[in-house]
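**Student:** There's a structure below that I have some questions on.
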């Protein structure tokens, strides 16, 4: 029998994204080409209605291309690289740095594309481009997710993330996922809808995990904090026992450092002191429980360690901007969550 897994803050935080669906396809493109993708808020009503935010990623499986935010500096992408757009900014993928830099975000062509995808007018493998000698092959994923009221891992990411394959090939998981995807696309069977949604989610999780191991990863932020011996241990303790009666003294003792060092390191990486972070995380957990719709507000308050429903409601409203009851109503009204539609499959 396998032993218990170690506390894993990243899994905790990724679960709270509550992925609400995915559009997922393979893209074979020939040179020259320049494809702008508008901001997520512009395409969400067509791509994934009801999603708070759209996270997109593109995995290059063959060839070379360029990607960048609209108005930003392009980056070169080669096989194995991942371009991650975590906050729904407008961006461009193109066959050259010049085309990438010159392209403008055009909403209507993108809406036409996604409407065609939703209508079943496009195959799972989409072929586009100028028909020249150069080409690139990519796996494209668009995920709808919840980011409110609090998701420290996603918030810590910059608007554009370029991730390279790990130096240790034994740590690489994406080739197996991509091979599975190609096999499923070529030979769809009963249950393919669920398989494609899970593959889209797994590839996104792998992209975030790469952020933890990149040599060029940021030296501050929540993900960087996981790598720090002091902050990482504090995060693991808080996520492992979030409803314990924590004090700064107790946490510092269990981490094995002074209170001042813990506060300084934690705040530098995470952006808030430990006890404020713990309060935010407990209220995020409460938001998730309320969104399930099956638990009363008073019960959630007790689970999170509040002595009264009134105190919990005041804290939650300060944190989320609405009362717990209103949050639960809005989450319930937004159901059913949308998953990959049949039209996105071959």
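What follows draws every value from the coordinates through simple rules; no lab data is involved. Since we're looking at a predicted model, the values are computed, not measured. When we count neighbours, we look across all protein chains shown, and the Cβ atoms used for this are built from the backbone with ideal geometry, even at glycine.
**Student:** Work out how much length residue 167 to residue 292 would gain on full extension: take 0.36 nm times their residue separation and subtract the Cα-Cα distance, in nm to one decimal. Each step should come with its number before you reach the end.
**Tutor:** Numbers: separation 125, 0.36 × 125 = 45.00 nm, distance 4.08 nm.
Between residue 167 and residue 292, full extension yields an extra 40.9 nm.
**Student:** Enter the angle in degrees (range 0 to 90, nearest 10) between the Cα long axis of helix 174-186 and the first principal axis of the Cα atoms of the chain, meaning the one along which they spread out most.
**Tutor:** 60 degrees
**Student:** Helix 309-320 versus the longest principal axis of the chain: what angle, 0 to 90°, nearest 10, using Cα atoms?
**Tutor:** 40 degrees
**Student:** Follow-up. So how far apart, in nm, are the two label points at residue 209 and residue 253 if each is 7 Å from Cα heading toward Cβ?
**Tutor:** According to this spin-label approximation, the distance is 3.6 nm.
**Student:** At a 10 Å Cβ-Cβ cut-off, how would you order 228, 8, 292, fewest neighbours first?
**Tutor:** 292, 8, 228
**Student:** In nanometres, what is the gap between the two model label sites at residue 322 and residue 179, each 7 Å from Cα along Cα-to-Cβ?
**Tutor:** Between residue 322 and residue 179, the label points sit 4.6 nm apart.
**Student:** Compute and list, largest first, the equivalent-ellipsoid semi-axes of the range 239-296 from the alpha carbon gyration tensor, each √(5λ) rounded to a whole angstrom.
**Tutor:** Working: eigenvalues 143, 31, 10 Å².
The three semi-axes for the range 239-296 are 27, 13, 7 Å.
**Student:** Now a separate question. If all Cα-Cα distances of the range 105-254 are sorted into 5 Å bins from 0 onward, what percent lands in each bin, rounded to whole numbers?
**Tutor:** 1, 6, 11, 14, 16, 16, 13, 9, 6, 4, 3, 1, 0, 0
**Student:** Going by how many other Cβ atoms sit within 10 Å of their own, how do 91, 306, 180 line up, fewest first? Spell out each step's value before the answer.
**Tutor:** Values: 91 26, 306 20, 180 13.
Going from sparsest to densest Cβ surroundings: 180, 306, 91.
**Student:** Below 8 Å, C-alpha to C-alpha, sequence gap of six or more: please give me the relative contact order for the chain in percent.
**Tutor:** 23 percent
**Student:** Okay, next question. Relative contact order (percent) for the range 156-238, with alpha-carbon contacts under 8 angstrom and 6 or more residues of separation?
**Tutor:** Details: 35 pairs, mean separation 27.3, N = 83.
Across the range 156-238, relative contact order equals 33 percent.
**Student:** Below 8 Å, C-alpha to C-alpha, sequence gap of six or more: please give me the relative contact order for the range 222-332 in percent.
**Tutor:** Across the range 222-332, relative contact order equals 21 percent.
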